[in-house]
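Below you'll find the structure, written out as structure tokens, and then a few comments.
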Amino acid sequence: MSADRARGQQESDVPRKAGRLSLQSRLMLTVFGIVAGILVVVSVATGVILNNVLNGQVDSRLRETANSLRPAIGVTMLDGTAEEQLASAHAGPGVLLIIDSPFSGTSGAVVDGAYERHVLTPSQIDQVLSALEEGAGVETVTISGLGTYRAVGLTQGGSGDAAGALGMSTASEMLTMRQMLWSIALATVGGMLVLGIATGSVIRRGLRPLRDIAETATRVSQQRLDHGDVRISERVPVEQASGDTEIGQVGNALNTLLDHVEGSLAARQRNEDTMRRFVADASHELRTPLASIRGYSELTLRDQALGETSRQSIARIEAQSQRMTGLVEDLLLLARLDEGHELVYDAVDLNELVVEAVADQAMAGMEHDWGADVGEEPVLVAGDRARLTQVITNLLANARTHTPEGSEVTVSLRTEGEGSATRAILQVHDTGPGIDPALQRTLFTRFARGDSSRARKTGGSGLGLSIARAIIEAHHGTIGVESEPGSTTFTVSLPAKPAST
């Protein structure tokens with residue numbers, strides 16, 4: 001599996017929390033909640049206080065009116081109806097009077113806003129008197145068809161016997177109360193809008209440095225840091241990395257971290273360069289003594305006086321020297337590929353390479369079922385013919401070596417895309433036992449070995465696929481693998497020349 005695919009798989013495996021609000025949203029909601037709660041409490045308290053004040057004013061007028069009528073109770077009030085008494089007293093709008101007289105009976109009347117007097121119905125009179133019987137002093141009474149009144153009982157002068165009731169309408173006070181509540185509601189809504197705009201502006205301005213820091217971290221996270229000489233040029237601006245504020249401390253910490261990471265990556269690259277030069281030099285120096293060992297082994301084997309045991313030992317030495325020579329050549333090739341050397345570019349027809357490679361492997365592995373799915377038109381790429389042949393041969397040899405007899409191995413070649421985006425897609429598919437998922441993550445690393453189901457039978461070095469990846473990446477391509485029991489597919493993607501050229 002390629003490094004990009006592995007990285008994408010790791011990112012997809014990270015659980016993501018959905019529905020989380022941003023810091024700005026949480027701050028604004030918190031401020032709105034606190035302010036809204038305070039305004040609601042203030043509004044309720046204001047309404048209660050205003051209601052008590054207005055009721056107090058109504059009660060004061062009610063007591064003044066009752067005091068002015070009380071001396072006449074038992075004299076004139078007992079002689080006429082409530083309507084007559086309101087007329088003789090020139091009562092103002094909103095005054096309600098109920099008289100319980102032994103001469104004229106129980107009667108009630110009320111004065112409306114036009115100074116017109118209306119007689120109360122018996123049910124309305126009962127509502128007022130029933131409310132006054134349940135409590136002492138001034139009571140709030142809701143009368144059907146009339147509204148809410150503040151009422152107080154009237155007694156005959158000196159006797160204490162009930163003579164009726166006197167009430168004052170609270171309509172004007174209720175109107176004032178409603179107007180005040182609407183004013184408070186409108187002021188609250190307007191204040192919340194102004195608060196939202198002001199708070200959003202202040203918080204947005206205050207969090208702008210934090211967003212800049214996040215953007216810097218995002219740009220760094222998108223930079224390739226896994227290979228090559230890495231330079232991290234992104235930094236939080238100095239004015240946003242001051243230690244005077246919390247956000248500045250975060251910016252300063254991020255800059256310090258980036259400096260440390262850049263230094264660590266530079267040290268890693270120096271170590272890799274040193275190790276690469278060492279491997280290249282060591283491989284180059286080992287070629288001569290290994291060639292000498294092979295030469296002397298071959299020369300010794302020609303001695304007819306050599307005993308059988310000695311001949312077997314010398315033959316074993318020669319075989320191991322050949323294997324070690326192959327290993328040294330592979331290491332030297334990898335070192336040169338890492339340095340960007342060893343490639344000779346030319347126009348290469350992949351169709352021709354595939355057909356030749358399949359024919360060679362069919363002769364070497366006749367126990368397998370080989371197939372090639374290529375078109376008649378050439379698929380041209382800019383590359384090194386020898387190295388691309390080495391990649392295809394390596395993939396086919398792996399399929400032959402690591403699958404049982406009778407397995408099908410098919411090589412397919414096609415193009416995708418148009419114009420400059422055209423790519424050649426080469427796939428090597430086999431029906432073998434598959435590759436262990438744990439091994440797939442490290443399959444293209446150096447000295448990677450398969451498990452028992454795909455163990456090497458030829459004593460390979462474990463460098464074949466790492467060399468293949470290095471060659472393909474040097475051609476600006478990608479190589480990957482998908483495997484499950486009964487199906488393994490290696491996929492190589494290379495930039496190709498458009499068919500029209």
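Among the candidates 474, 468, 448, which residue alone is at pLDDT below 80 and either within 24 Å of residue 333 (Cβ to Cβ) or in contact with a Pro (Cβ under 8 Å, 6 or more places away or on another chain) (or both)? Unique residue meeting the criteria: 448. Within the set 406, 432, the sole residue that is out of contact with any Gly (no Cβ under 7 Å at 6 or more places or on another chain), loosely packed, with under 14 Cβ neighbours inside 10 Å, closer than 23 Å to residue 372 by Cβ and modelled with pLDDT of 85 or more turns out to be 406. Here segment 236-289 is the region considered, the condition is being touching a helix residue (DSSP H, G or I) at 6+ places or on another chain (Cβ under 9 Å), part of a loop (DSSP other than H, G, I, E, B) and not hydroxyl-bearing (Ser, Thr, Tyr), and the residue that is farthest from residue 218 (Cα to Cα) is 243. Pairing each residue of segment 284-295 that is within 16 Å of residue 334 (Cβ to Cβ) with any residue that is basic (Lys, Arg), provided the two are 6+ apart or on different chains, yields no C-beta distance under 6 Å.
I need the full set of residues from segment 379-408 which are in a strand (DSSP E or B) and either out of contact with any helix residue (DSSP H, G or I) (no Cβ under 7 Å at 6 or more places or on another chain) or within 12 Å of residue 357 (Cα to Cα) (or both), in order please. Result: 380, 382, 383, 408. Of all residue pairs spaced 6 or more apart or on separate chains, those with beta-carbon atoms under 6 Å, a first member in segment 315-338 that is of a type outside the set (Val, Ile, Thr) and a second member that is not in a helix (DSSP H, G or I) are 327/461; 330/461; 330/463; 336/342. With respect to (1) closer than 30 Å to residue 329 by Cα; (2) touching a residue at least 24 places away in the same chain (Cβ under 8 Å); (3) assigned to a helix (DSSP H, G or I), the lone exception for residue 199 is condition (1).
The criterion of being in contact with a strand residue (DSSP E or B) (Cβ under 7 Å, 6 or more places away or on another chain), crowded, with 18+ Cβ neighbours inside 10 Å, of a type outside the set (Gly, Ala, Ser) and at pLDDT 80 or above does not hold for residue 78.
Being aliphatic (A, V, I, L, M), free of Cβ contacts under 8 Å to residues at least 40 places away in the same chain and outside the structural domain of residue 275 (by TED's automatic domain parsing) holds for only one residue in 396, 443, and it is 396. Scanning segment 161-190 for residues that are surrounded by 14 or more Cβ atoms within 10 Å (Cβ to Cβ) and either out of contact with any strand residue (DSSP E or B) (no Cβ under 6 Å at 6 or more places or on another chain) or not hydroxyl-bearing (Ser, Thr, Tyr) (or both) yields a total of 17.
The residue list 315, 253, 266, 305 contains one member that is within 30 Å of residue 445 (Cβ to Cβ), at pLDDT 75 or above and of a type in the set (Gly, Ala, Ser), which is 266. Assessment of segment 271-289 against the conditions (at pLDDT 75 or above and within 41 Å of the chain's Cα centre (by Cα)) yields at least one matching residue. Whether a residue is more than 30 Å from residue 474 (Cβ to Cβ) and surrounded by 13 or more Cβ atoms within 10 Å (Cβ to Cβ) was assessed, and residue 269 does not pass this test. Restricting 305, 335, 357, 347 to residues that are over 20 Å from residue 465 (Cβ atoms) and either within 50 Å of the chain's Cα centre (by Cα) or surrounded by 12 or more Cβ atoms within 10 Å (Cβ to Cβ) (or both) narrows the list to 347. For segment 306-314, the condition of being of a type in the set (Val, Ile, Thr), over 28 Å from residue 272 (Cα atoms), touching a helix residue (DSSP H, G or I) at 6+ places or on another chain (Cβ under 6 Å) and outside any helix (DSSP H, G or I) holds for none of the residues.
The values are calculated or read from the model by the stated rules, or taken from the named source; none is laboratory data. If you're wondering where the values come from, they're calculated on a predicted model, not measured in any experiment. Here Cβ is always computed from backbone atoms with ideal geometry, including for glycine, and neighbour counts include all displayed protein chains.
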